[in-house]
1. Which of the residues belonging to region 153-181 are in a loop (DSSP other than H, G, I, E, B), surrounded by fewer than 17 Cβ atoms within 10 Å (Cβ to Cβ) and touching a strand residue (DSSP E or B) at 6+ places or on another chain (Cβ under 9 Å)?
2. If a residue must be polar (S, T, N, Q), part of a loop (DSSP other than H, G, I, E, B) and more than 15 Å from the chain's Cα centre (by Cα), how many such residues does region 111-133 contain?
3. Name the residue, out of Ser140, Ser90, Ser97, that is surrounded by 15 or more Cβ atoms within 10 Å (Cβ to Cβ) and among the hydroxyl-bearing types (Ser, Thr, Tyr).
4. Residues to consider are Ala132, Ala101, Ala136; find the one that is more than 13 Å from Asn172 (Cβ to Cβ), in contact with a strand residue (DSSP E or B) (Cβ under 6 Å, 6 or more places away or on another chain) and without any contact (Cβ under 8 Å) to a residue 40 or more places away in the chain.
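Read-outs: derived from the displayed coordinates by stated rules, not from any lab. Quick caveat, the model's predicted, so the values are computed rather than measured. Cβ placement follows ideal geometry from the backbone for every residue including glycine, while neighbour counts extend to all protein chains displayed.
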Amino acid sequence: MNFKFHSTQIIIFLIAFLIGIGVTSMLNSNQQSTDVMEATEEVSEAVTEDATSAPEDEVSQPAVTTTTATKASSVGTNLPKTVTGKCYTSLSGYKDSKLNAIILNWSACQSDDFQFYKLVKSSKNSNPSYPADGVAFSSSNKNAANFVDKTVAARTTYYYRMCVVQRLNQVNCSNVVSVSY
């Protein structure tokens, strides 16, 4: 058999081959995004079950959830371009000598735009801010409402502020709580 290829046919074949690789890559990327979103939902459900099963008289430390996501496809999403409800929490705290810790409580965010809680802590800055000061606690569990800080030293005053990160990276922070240990 004698095959003759023209340069035009070779170019068309190469273009079709490259397009096929690109489509395959996009499909794999979308599958990875779907897998990450499903795993995130499973972790969120497990954390919610954990939080609701704790005894009421016991102060428990909420689970910290960390997820790594690939860039998700925005096809078919109709998210608003603004945050629909700003979330402000109210923070309170006290020294617990029995636990050798500081107990912090806050009102949970009910906004659908909620993404993370970031509890900021400082022993030097009486007006801590996120992200400038250190984060003592971070959670994507919308129902989290307390934290036990066992990283405290005697004769030290700590300043705390709870910041809520919402969709579109909007950050709203609570009042500052000062607790001497």
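1. Pass one, region 153-181, residues in a loop (DSSP other than H, G, I, E, B): 153-156, 181.
Filter once more, keeping what is surrounded by fewer than 17 Cβ atoms within 10 Å (Cβ to Cβ): 153-156.
Answer for region 153-181, where residues must be in a loop (DSSP other than H, G, I, E, B), surrounded by fewer than 17 Cβ atoms within 10 Å (Cβ to Cβ) and touching a strand residue (DSSP E or B) at 6+ places or on another chain (Cβ under 9 Å): Arg155, Thr156.
2. Just the residues of region 111-133 that are polar (S, T, N, Q), to begin with: 111, 115, 122-123, 125-127, 129.
Retained after the next criterion (residues that are part of a loop (DSSP other than H, G, I, E, B)): 111, 123, 125-127, 129.
Subsequent filtering for residues that are more than 15 Å from the chain's Cα centre (by Cα) retains 123, 125-127, 129.
Of the residues in region 111-133, 5 are polar (S, T, N, Q), part of a loop (DSSP other than H, G, I, E, B) and more than 15 Å from the chain's Cα centre (by Cα).
3. Numbers: Ser90 fails: surrounded by 15 or more Cβ atoms within 10 Å (Cβ to Cβ); Ser97 fails: surrounded by 15 or more Cβ atoms within 10 Å (Cβ to Cβ).
Residue meeting the stated conditions: Ser140.
4. Details: Ala132 fails: in contact with a strand residue (DSSP E or B) (Cβ under 6 Å, 6 or more places away or on another chain); Ala101 fails: without any contact (Cβ under 8 Å) to a residue 40 or more places away in the chain.
Within the list Ala132, Ala101, Ala136, the selection yields Ala136.
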